[in-house]
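The values are calculated or read from the model by the stated rules, or taken from the named source; none is laboratory data. Keep in mind that this is a model prediction, so the values were computed, not measured. Note: ideal-geometry Cβ built from the backbone for every residue, glycine included; neighbour counts use all protein chains shown. The area values use the complete protein model at the heavy-atom level, side chains included, leaving out ligands, DNA and RNA. Shrake-Rupley method; radii C 1.70, N 1.55, O 1.52, S 1.80 Å.
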Amino acid sequence: MSDHEQQQSAPGRGKVLEALVRAERKVFTRPAPKSAKAQVKFLLTRAKGSTKALAERLGVSRRTVERYRAGMLTTPQKRLQAALVEETESEWQPQVRAQAREQASTSGGMMVHVVAYFGFTASGSSDDGRERHITTAISPTYAQQILQLQASGATEEELHPVVAQAVTESYFTEWGTRAQGLRADFTHVQSIDFEFRHHIIQGLLLSRSTIVVP
């Protein structure tokens, strides 16, 4: 392959899976490498120095990897640039990400912000099916299920019912205090974002610490 070849794009994630990836990257305590040279050098450390392994991972030649490492090439084409960002951020600060996932699964839970069409199966409910803009908490129990499904390679379709149950529990039944037996499904997801709650609390504490009292 030439120095300007493009690797095949990774299969596109669905909106829920992509939102989970974004949530993990929000917990980074240091920014991931930005330049192509720094990204290649970092990925080579993760590949134990194997230019062959990294080249196969990126879908480029070993010579291309070597030239980016040496700084002889500095501006990758769009697909290679996207692959470098994706691979770098997926490997960056694994312990920080693992800690966030563990805390969400055991005590902190998560927050979800979603715009989607929610439909209901319980008869007599006043919550008619329609598009809704919802921000609500997800319990640690459901956060654990969602994160385990993600880690096991679940599909978007497999995640949807669990996310719907999590939203139903906290938002529609208010943690089981109303609308007993209500079941909800969501489709036509316009947007969705997750946040690790520990990260939210840290942000609030940091913002408060910067307040100057006159």
> Among 101-107, 137-143, how do they line up from the highest to the lowest mean number of other beta-carbon atoms within 10 Å?
Replying inline: 137-143, 101-107
>> Counting only other residues whose beta carbon sits under 11 Å from that of Arg13, what net charge do I get with K and R as +1, D and E as -1?
In response: -1
>> Using protein chains only and a probe of 1.4 angstrom, how many square angstrom of Val114 are accessible, to the nearest 10?
In response: 10
> In whole Å, what is the distance between the alpha-carbon centres of the stretch 135-164 and the stretch 48-99?
Replying inline: 29
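Between their Cα atoms, which of Lys15/Lys78; Lys15/Lys48; Lys26/Lys52; Lys15/Lys52 are more than 28 Å away from each other? Working shown, then result.
Working: Lys15/Lys78 21 Å; Lys15/Lys48 33 Å; Lys26/Lys52 31 Å; Lys15/Lys52 32 Å.
Going by Cα-Cα distance, Lys15/Lys48; Lys26/Lys52; Lys15/Lys52 fall outside the 28 Å limit.
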